[in-house]
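Report on the following structure.
The values are calculated or read from the model by the stated rules, or taken from the named source; none is laboratory data. Only a predicted model underlies this, so the values are computations on that prediction, with no experimental measurement involved. Here the Cβ positions follow ideal geometry from the backbone for every residue, glycine too, while neighbour counts run over all protein chains shown.
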Amino acid sequence: MKILLVEDEIGLADAVGALLIKEHYETDIANDGKLGLALAQTGGYDAVILDIMLPGMNGLDVLSTLRAKGIETPVLLLTAKSEVSDKINGLDCGADDYLTKPFEIGELLARIRAMTRRKGMQVDINPKYGDITLDLKKGELWCGSESVVLGRKEFQMMELLLSNEGKIVTKEMFVKKVWDSNDENDYNNVEVYISFLRKKLQILHSTVLIKTRRGIGYCLDGG
Ligand code: CA
């Protein structure tokens, strides 16, 4: 089990790191957000412990960048006591859990165990929203007893929408994940494929809609 700890308070990072190693977790430590992101992007970790207040790039930005790139490693956010809104933002950005500082090491270890267990169980579960289910293996979108086959890009886009469970997926996220680019010219492609997906939802008589958030992106609604 390999863990990435992203924490800029050196004393805390070293203490937690030492305890994780004592618990037989292989542990890497990053002391700033950019290094944390670079390491987490390798996808080689079973869990990431991520502080929010970090130099370089804050924890929430690290987290949303990871999720936009389709990296689903479980993330435990560390928040200061006063940052209640950060907890909400953190969960919206795709955190699996959070822990308020100061914390007991036993609590941290329990959260990590729960998080990695949960993730292991979810591996084969097809994502659902409202009345639709995406069959990950066959690339089919189901609604009741009806199904349609999705093209590769349609599939990737629907997967991204479903994994965000009704939260907004920006055009930038689609372009990065599906076209692997940062080119704004690809934004038109996003619009085209969203219209394909909307037609397929109609064919399925689904109550789920892909709503446009003008200038921002898209989200699932009506589930
Ligand atoms: Ca910090």
Residue in the range 77-89 that is farthest from Ser181 (Cα to Cα), counting only those that are touching a strand residue (DSSP E or B) at 6+ places or on another chain (Cβ under 9 Å) and within 14 Å of the ligand (Cβ to nearest atom): Lys81
- line: Asp51 passes all but one of the listed conditions (1) among the acidic types (Asp, Glu); (2) buried (at least 16 other Cβ atoms within 10 Å of the Cβ); (3) in the same structural domain as Tyr218 (by TED's automatic domain parsing); the exception is number (3)
query: Out of the range 1-40, which residues are of a type in the set (S, T, N, Q) and either within 15 Å of the ligand (Cβ to nearest atom) or closer than 16 Å to Leu78 by Cα (or both)?
result: Asn31
field: Failed item, numbered, when Thr133 is tested on (1) in a helix (DSSP H, G or I); (2) free of Cβ contacts under 8 Å to residues at least 12 places away in the same chain
entry: (1)
message: Condition (residue is in contact with a strand residue (DSSP E or B) (Cβ under 7 Å, 6 or more places away or on another chain) and within 27 Å of Val175 (Cα to Cα)) applied to the range 60-70: is it met by at least one residue?
response: yes
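A quick yes/no check of all residues on (1) acidic (Asp, Glu); (2) at pLDDT below 95; (3) in contact with a Gly (Cβ under 6 Å, 6 or more places away or on another chain):
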position: Gly106; (1), (2), (3): no, yes, no
position: Ala110; (1), (2), (3): no, yes, no
position: Met115; (1), (2), (3): no, yes, no
position: Asp124; (1), (2), (3): yes, yes, no
position: Pro127; (1), (2), (3): no, yes, no
position: Leu134; (1), (2), (3): no, yes, no
position: Glu140; (1), (2), (3): yes, yes, no
position: Ser145; (1), (2), (3): no, yes, no
position: Met158; (1), (2), (3): no, no, no
query: Are any of the residues in the range 20-29 among the aliphatic types (A, V, I, L, M) and modelled with pLDDT of 95 or more?
result: yes
- request: Give the residues of the range 174-206 that are modelled with pLDDT of 95 or more, among the polar types (S, T, N, Q) and surrounded by 13 or more Cβ atoms within 10 Å (Cβ to Cβ), sorted by residue number.
  value: Ser206
query: Among the residues of the range 42-60, is there at least one that is of a type in the set (A, V, I, L, M, F, W, C), more than 14 Å from the ligand (Cβ to nearest atom) and more than 22 Å from the chain's Cα centre (by Cα)?
result: no
